[in-house]
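Participant: Can you keep this structure in mind? I'll have questions shortly.
The values are calculated or read from the model by the stated rules, or taken from the named source; none is laboratory data. Owing to the predicted nature of the structure, the values given are computational and were not obtained by experimental measurement. Reconstructed Cβ throughout: ideal geometry from the backbone, glycine too, with neighbour counts over all protein chains shown.
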Amino acid sequence: MATTTNYAWETPDDTDLVKDGAAAIRTLGSSIDTTTKALNPSTTLGDIEYRSSTANTNTRLAIGSTGNVLTVAGGVPSWAAPSAGALTLVKAETAFSAVANTSTTFDGVFTSTYNNYLIILNKTLNSVDSGSINFNMRYSTGTTDSDGANTGGTFVRNSSGTDFSWYFNNATTMKLMTNQNTAGRFGTCNLWIGGLDSGSASRYQMNWQFSTPGDNSFGNGGNVQNNNGTTRIWTGFILTASSGTISGTATVYGFGKA
């Protein structure tokens, strides 16, 4: 009996009788059906497949849990929790446009899962030229902290090459960066927040770097610690315009615990 080259499906010989054609077609169809299922074992939304040790047979891997990453164990793909130190997306890039503040947009991004976070602000603009974006931590999933924090070590170089710094003692809000109001002259800012204690009441530490290409200014700053404030269970943050409105995007990542 003749067979196909790759999957050895049985096909009629040239000398087979026409009356046996129906049976031959059924045999071929059954072989195709069996092989197709072996190559496509998925049954559930999110399944993925990989080549098994058996020829012409794939293995089904069910979708992992939320936050899992695809890795290799025992020589085959598998899902697993991120390893310690891994950077994990907590909140995908989220836009805010022409708002006085970001309100509740970034509530709930700090949880007991991580103690340290990276926040990336991108394409920031102020409606008022040289206006600033200010930052406050939030707690109780919606309450803005204004107890005060010492902000120091902030360095800025502006378009004329002048260096200057600012320092706020017991500041109730933190000035992150100045911005332009012209499209295309966007600012960027990276913030690192640490000291959050697995969902327990704590004080936080923060430092950041920023750049506003439009007026060729850049700088970095740091929050020594909110040592004048109250220990709290921190749950999020809010961005506020010093005047007018602000626009941009924010992305939040968490650092895996050791």
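Participant: Could you list all residues from the stretch 116-144 that are within 17 Å of the chain's Cα centre (by Cα) and crowded, with 19+ Cβ neighbours inside 10 Å?
Facilitator: Across the stretch 116-144, the qualifying residues are Tyr117, Ile119, Leu121.
Participant: Against the definition (over 30 Å from Thr59 (Cα atoms), of a type in the set (A, V, I, L, M, F, W, C), touching a residue at least 40 places away in the same chain (Cβ under 8 Å) and part of a loop (DSSP other than H, G, I, E, B)), how does Val90 come out, yes or no?
Facilitator: no
Participant: Still on this structure: Do we find that Thr154 is modelled with pLDDT under 60 and buried (at least 18 other Cβ atoms within 10 Å of the Cβ) in this structure?
Facilitator: yes
Participant: Counting residues that are at pLDDT below 80 and surrounded by fewer than 23 Cβ atoms within 10 Å (Cβ to Cβ), which strands (runs of 3 or more DSSP E) fully inside the stretch 216-258 reach at least 3?
Facilitator: 217-225
Participant: What are the residues in the stretch 24-50 that are touching a residue at least 12 places away in the same chain (Cβ under 8 Å) and farther than 28 Å from Ala62 by Cβ, if any?
Facilitator: Matches in the stretch 24-50: Ala24, Thr27, Leu28.
Participant: Test Ile133 against the stated conditions and say whether it is part of a strand (DSSP E or B), in contact (Cβ under 8 Å) with a residue 24 or more places away in the chain, more than 22 Å from Ser198 (Cα to Cα) and not hydroxyl-bearing (Ser, Thr, Tyr).
Facilitator: For Ile133, the condition - part of a strand (DSSP E or B), in contact (Cβ under 8 Å) with a residue 24 or more places away in the chain, more than 22 Å from Ser198 (Cα to Cα) and not hydroxyl-bearing (Ser, Thr, Tyr) - is met.
Participant: Check Tyr50 against each of (1) surrounded by 14 or more Cβ atoms within 10 Å (Cβ to Cβ); (2) assigned to a strand (DSSP E or B) and name the one condition it does not meet.
Facilitator: If we test Tyr50 against (1) surrounded by 14 or more Cβ atoms within 10 Å (Cβ to Cβ); (2) assigned to a strand (DSSP E or B), just (1) comes out false.
Participant: Select from the stretch 157-180 the residues that are closer than 17 Å to Thr212 by Cα, modelled with pLDDT under 80 and buried (at least 17 other Cβ atoms within 10 Å of the Cβ) and list them in ascending order.
Facilitator: Selection gives Thr178, Asn179, Gln180.
Participant: Regarding Thr11, is this residue on the phi < 0 side of the Ramachandran plot, free of Cβ contacts under 8 Å to residues at least 24 places away in the same chain and not acidic (Asp, Glu)?
Facilitator: yes
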